[in-house]
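Scroll down for the structure; my scribbles are underneath it.
The values are calculated or read from the model by the stated rules, or taken from the named source; none is laboratory data. Fair warning: this is a prediction, and the values are worked out from it, not measured in the lab. Here the Cβ is made from the backbone with ideal geometry for all residues, glycine too, and neighbour counts use every protein chain on show.
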Amino acid sequence: MKRLRVPGGEMAWWEEGTGTPVVLVHGTPSSSQEWRAVARRLTPSHRVLAPEHLGFGQSDRPGDWRTYSLPWHVENLRSWFEQLQLGRFHLVVHDFGGPIALPLAIAAPEQVLSLTVIQSWFWDLKAPNIDNALMRWLYLSGNFSARMMVKLSWGRRVKLTRELHRSFLSQFPDRASRMGTWGFARSASHEGPWLDAQGQSLGRLADLPSLLVWGRADKLVKPEHLLRWKQELPRAKALEFDDVGHFPQLEAPEELGTALLEHLASAVSLGPPGKATAAESTLPR
């Protein structure tokens, strides 16, 4: 793992392969490791980079859950991009990776060669307000996100084995390590207006070669959000799995890897609008 300092602390990431960059942005309750199986299909021909949000994986985990707002995550990821100076890249987002990475894509769409959206959103989820002492205790003391939300959102194609579920649980071994998961849970009910405001500019991404990947068995981020994406990105292609849940990268990695590789190749052959060089790769604020 590599590390560099961003405004909120030190951010970790791994990268493998050579060629055009592909940035894989994870959600919750997980880390960059969820991309490993998919990345194996990409690394022979691409430079794959998988950052870990602060509060997750091997990145720093600040101790105050009030720190973990979506704009804070956006600024940390922006700093990571600016320091790496990737030039043009393919962007793949999952879950909360969308609300964090898409503001940067909207700010500089000419740098994004293609977009892949997996089980994500960029609007107010209209989630109930869970910001109370009981839910805070469940998330921070009971590891609720990894213990229960993974189970609720898993599909039918592959079994969520004890070992696989433990791989989620072990990433958040104690209360101090779970601040990021609680921060994301709060944001679903507190930061809807911010998301709606950001989403007003989704049209700036409409001309990008885009792929929508959806597990229709996800009981939490339901297919209604896929319909919204099809409206927002009417030229996007869609890959749908009836028996897959919230984690297609873990539940159907071979199919996703193949589809993603084809999508990246197609995007390059089409030639995306706009031009940007490495020297022009700073993302506007």
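Quick grid of which residues meet (1) farther than 16 Å from ILE118 by Cβ; (2) in contact (Cβ under 8 Å) with a residue 24 or more places away in the chain; (3) charged (D, E, K, R); (4) part of a helix (DSSP H, G or I):
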position: SER30; (1), (2), (3), (4): no, yes, no, no
position: ARG40; (1), (2), (3), (4): yes, yes, yes, yes
position: PRO44; (1), (2), (3), (4): yes, yes, no, no
position: LEU49; (1), (2), (3), (4): yes, yes, no, no
position: GLY55; (1), (2), (3), (4): yes, yes, no, no
position: GLN58; (1), (2), (3), (4): yes, yes, no, no
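Whenever a residue of segment 136-161 is without any contact (Cβ under 8 Å) to a residue 12 or more places away in the chain, its partners that are in a helix (DSSP H, G or I) and not aliphatic (A, V, I, L, M), lying with C-beta atoms within less than 7 angstrom and at least six residues away or across chains, give the pairs LEU138/PHE144; LEU160/LYS151. Which of the residues spanning segment 188-219 are without any contact (Cβ under 8 Å) to a residue 40 or more places away in the chain and either assigned to a loop (DSSP other than H, G, I, E, B) or not hydrophobic (A, V, I, L, M, F, W, C) (or both)? Answer for segment 188-219, where residues must be without any contact (Cβ under 8 Å) to a residue 40 or more places away in the chain and either assigned to a loop (DSSP other than H, G, I, E, B) or not hydrophobic (A, V, I, L, M, F, W, C) (or both): GLN200, GLY203, ALA206, ARG216. Criterion applied to ARG66, ARG36, ARG47, ARG5 was being within 26 Å of PRO248 (Cα to Cα) and more than 16 Å from the chain's Cα centre (by Cα), and the one residue passing it is ARG47. Looking only at segment 32-53, residues that are within 17 Å of GLN171 (Cα to Cα) and crowded, with 20+ Cβ neighbours inside 10 Å come to 7 in all. Checking each residue in segment 243-282 for being closer than 20 Å to SER114 by Cβ, part of a loop (DSSP other than H, G, I, E, B) and at pLDDT 50 or above picks out ALA252, GLY271, PRO273. Number of residues in segment 61-83 that are under 14 Å from VAL6 (Cα atoms), in a helix (DSSP H, G or I) and not polar (S, T, N, Q): the value is 10. Any chance segment 57-75 includes a residue that's small (Gly, Ala, Ser), surrounded by 18 or more Cβ atoms within 10 Å (Cβ to Cβ) and either under 21 Å from ARG235 (Cβ atoms) or modelled with pLDDT under 95 (or both)? No, segment 57-75 has no match at all.
Of the helices (runs of 4 or more DSSP H) lying entirely inside segment 84-187, the ones with 1 or more residues being aromatic (Phe, Trp, Tyr) and buried (at least 16 other Cβ atoms within 10 Å of the Cβ) are found at 133-142, 162-169. Has segment 204-218 got at least one residue that is loosely packed, with under 13 Cβ neighbours inside 10 Å, modelled with pLDDT of 95 or more and not charged (D, E, K, R)? No.
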